[in-house]
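Asker: Take this structure, written in structure tokens, and hold onto it; I'll ask about it next.
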Amino acid sequence: MPGRMVVCGDDGLARRLAAELQDVYREPVTLVVPAAREPQPAVGRRTGRGLGLLARVPVAQPRRAAAEHGPLRDLRLVEAAEPDEDVLAAAGVARAAALALVYEDDETNVRAALVARRLNPRLRLVIRLYNRRLGQHLEELLDQAAVIAEPGLDLRQLDASTTVLSDADTAAPALAASAIAGTSKVVQADGLLLRAVERTPPGRGQVADSGLCTLALLSATTGDPAGAEGSEASGEGGPQLLPDDRAVAAATGRGIVALEAVSRMAGARAGASARLSGATLPVGSLFSRRLRWALAGIAAAVTALAVASWVTTGDHPLHAAYITLLDIFAINDPALEEPPERKTLQILAGTVGLLLLPVLVAAALEGLGEFRTATALRRPPRGLSGHVVLLGLGKIGTRVLARLRELDIPVVCVESAPEARGLAFARRLRVPVVLGDVTEEGVLEAARVHRAHALLALTSSDTTNLEAALYARAVQPELRVVMRLYEDDFATAVYRTLRTAHPAALTRSRSVTHLAAPAFAGAMMGRQVLGAIPVERRVLLFAALDVAGNPQLEGRTIAESFRPGAWRVIALDTAAPEDRRPDLASTPDESPAAAAGLVWNLHPGYVLKAQDRVVLATTRRGLAELTGRNGARPSGSRAGGWTR
């Protein structure tokens, strides 16, 4: 069992991760999952401490597990309700190379990580945590625990580090980008935002603009409702990752995925201003549009009366305005001895004063109501349009909401559970929320879906997401729809059907486990995976790698290192090796090393040196080949940190 990979989890991410490790990296895997059903209590008289201990140790059985993610070969399956010390020992953690703890409960993962580090100080740990702050402290704690357990242990040499990842943070940029621009191809590296966009050819027989570089060719069978586009079985008509110039030139009439722009994010100041603006109560929301028009009309009437008084009486303009206000509030003397013009103006001013009183009362009531509900959930504003309707404020929905608000995209959320974790976050950002079941009539209408730009269905139920998408399409046929669907085959079938039924509208189906599994697998193998972008039903990875000792990279030019369909060097880290940050996916600090950043638009003739670190666009199998047992070591002591 030495070198075996151990995966512990209770949802689809565990099986997806096990399949990724086996199919891509060809690693033997032990999968620890809860039992399909609770075991029946033993019948008999034998009781005692020994029997109770044996009952807690699960039976490990090698078997072929045909799950929803496909058959897993060379799989050792351990069934256990919780990953306690006995379970981890039975799974072989003491001699394993890496352990992934991907339970949905953060507390379960933390408790198991502490036990696993004690059992094997040399173990590479990958932990799934939703709590970012806890994850940052836990990485340091567990790495220190490994050094204390074995004082001579070199974490950098063994790569026995702790990596904390969040599937929500990994998938959120792709889901948010799908709703905004119709693309989910967004990756953050070294404070830079890499945006890859889909470009369709301008005409028949023409090639789309490749931008900075072409990352993929889209399927040639997108018009065939019975085709297998986007999958591994698509053949030559399916998507081609990292094609060379000859393949791009020959692919006339096909869309491409191009790296369009690399822009530096605003940083902490922009984030702080965004949070401040999100927490501030908008003045325009105090009063309804009808009330604002009424106030504007009365103000215009008062101005007209003041001008008329100034013209007719010849008084100073300020004195004429003052007399007009006294007449409006009925605190001026009657104009009994005044000319007819003055009497007429006083009567008109009194009429305006009578009209002003109910308007002021209404304004006071509306403003008081808004201030009272400043800490409550907002309702969608009147006349709202061009927004994103977000269904579900769970872990994924909350992270996607944060990404959308960082980009100043108007959002209306729909949530059925009053205790959902994202409601407090939405309230803090003053984001409108509709409480109700999306399958009930009138809920999506309250979210103004008929005026929306896109619908993001991110609930935990595939059927709920599909029903909401179908209903929204019935209301607005050209609505952009992005659905979170768990099962891959089901997502493909839904995508093809909706695209055929509504060819003019954009439809996307995304699986969070599909987006997150490559990053978790790369971390278990000691790779620094910066992010993943989906290309139809396939995935393209961005990873950081040290050039030293890699025969595929060291001593080769940028052009020579390019392997079509496998990997491509797209950036170079210019910082000195001793000054490099181990995690390029994190936000850089103000140090000179961080200011060096990454260099894009590399010259094809640049020769890669042993001290260089590069960023690669690569397929999963390409990354496995590049970083095999005889390849280069992973860059940095950590495998990737928080993937954003």
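Asker: Please report the accessible area of Leu470 (heavy atoms, 1.4 Å probe, ligands and nucleic acids excluded) in Å², nearest 10.
Answerer: Ignoring ligands and nucleic acids, Leu470 comes out at about 90 Å².
Asker: With a 1.4 Å probe and all protein chains kept in place, how much accessible area does Ile347 have, in Å² rounded to the nearest 10?
Answerer: 120 Å²
Asker: Show the residues, 5+ positions off or on another chain, whose built amide H is closer than 5 Å to the amide H of Arg510.
Answerer: Amide H neighbours of Arg510, under 5 Å, 5+ apart: Met483, Arg484, Leu485.
Asker: Can I ask one more? Report the label-to-label distance for Ala610 and Glu440 in nanometres (one decimal), using points 7 Å from each Cα along the Cα→Cβ vector.
Answerer: In this crude spin-label approximation the distance works out to 6.9 nm.
Asker: Which of Tyr486, Ala452, Ile558 sits closest to the plus end of the dipole of region 448-560, meaning its Cα is farthest towards the positive end, when Lys and Arg get +1 and Asp and Glu get -1 on the C-beta?
Answerer: Ala452
Asker: Roll a 1.4 Å probe over the protein chains and send me the accessible area per residue for region 529-581 in Å².
Answerer: Numbers: 1760 Å² over 53 residues.
For region 529-581, the solvent-accessible area averages 33 Å² per residue.
Asker: On a 1.4 Å probe surface of the protein chains, which of Phe425, Phe329, Phe490 comes out largest in accessible area, and what is the full order? Could the numbers behind the result be given before it?
Answerer: On the way: Phe425 45, Phe329 115, Phe490 70 Å².
In descending accessible area the options line up as Phe329, Phe490, Phe425.
Asker: Note down the magnitude of the dipole of region 490-554 about its Cα centre, charges +1 on Lys and Arg C-beta and -1 on Asp and Glu C-beta and zero elsewhere, to the nearest 20 debye.
Answerer: 460 debye
Asker: Mind putting a number on the dipole of region 443-507 about its Cα centre? Charges go on the C-beta only, +1 for Lys and Arg and -1 for Asp and Glu, and I need it in Debye to the nearest 20. Intermediate results must be reported in sequence, preceding the final value.
Answerer: Values: 7 positive and 7 negative charges, 68 e Å.
Using Cβ point charges on Lys, Arg, Asp and Glu, region 443-507 gives about 320 debye.
Asker: Continuing with the same structure: Check which residues have an amide H placed less than 5 Å from Gly436's amide H, if you skip close sequence neighbours.
Answerer: Excluding prolines and chain starts, which carry no amide H, the hits are Glu415, Ser416.
Asker: Suppose R0 equals 45 Å. What FRET efficiency, 1/(1 + (r/R0)^6) with r the Cβ-Cβ distance, do Arg421 and Ala300 give to the nearest 0.05?
Answerer: 0.40
Asker: For region 397-405, just list the computed ³J(HN,Hα) in residue order, Karplus coefficients 6.51, -1.76 and 1.60, θ = phi - 60°, integers in Hz, with x standing in for Gly and Pro.
Answerer: So the Karplus estimates, Gly and Pro as x, are x, 5, 5, 5, 4, 4, 5, 5, 6 Hz.
Asker: Still on this structure, please answer the following. How much solvent-accessible surface does Lys609 expose, in Å² to the nearest 10, with a 1.4 Å probe and all protein chains in place?
Answerer: 90 Å²
Asker: Let me ask another. Could you work out how far apart the two model spin labels at Ala364 and Leu134 are, taking each label as a point 7 Å from the Cα in the direction of the beta carbon, and quote it in nm?
Answerer: Taking the simple label geometry, Ala364 and Leu134 are separated by 4.9 nm.
Asker: Work out, step by step, the length gained on full extension between Thr313 and His603: first 0.36 nm times the residue separation, then minus their alpha carbon distance; give nm to one decimal.
Answerer: Extending this stretch completely gives an extra 96.3 nm.
The values are calculated or read from the model by the stated rules, or taken from the named source; none is laboratory data. Bear in mind that the values here come from a model prediction, so they are computed numbers and not experimental data. Here the Cβ is made from the backbone with ideal geometry for all residues, glycine too, and neighbour counts use every protein chain on show. Accessible surface is based on the protein model in full, side chains and every heavy atom, while ligands, DNA and RNA are left aside. Shrake-Rupley method; radii C 1.70, N 1.55, O 1.52, S 1.80 Å.
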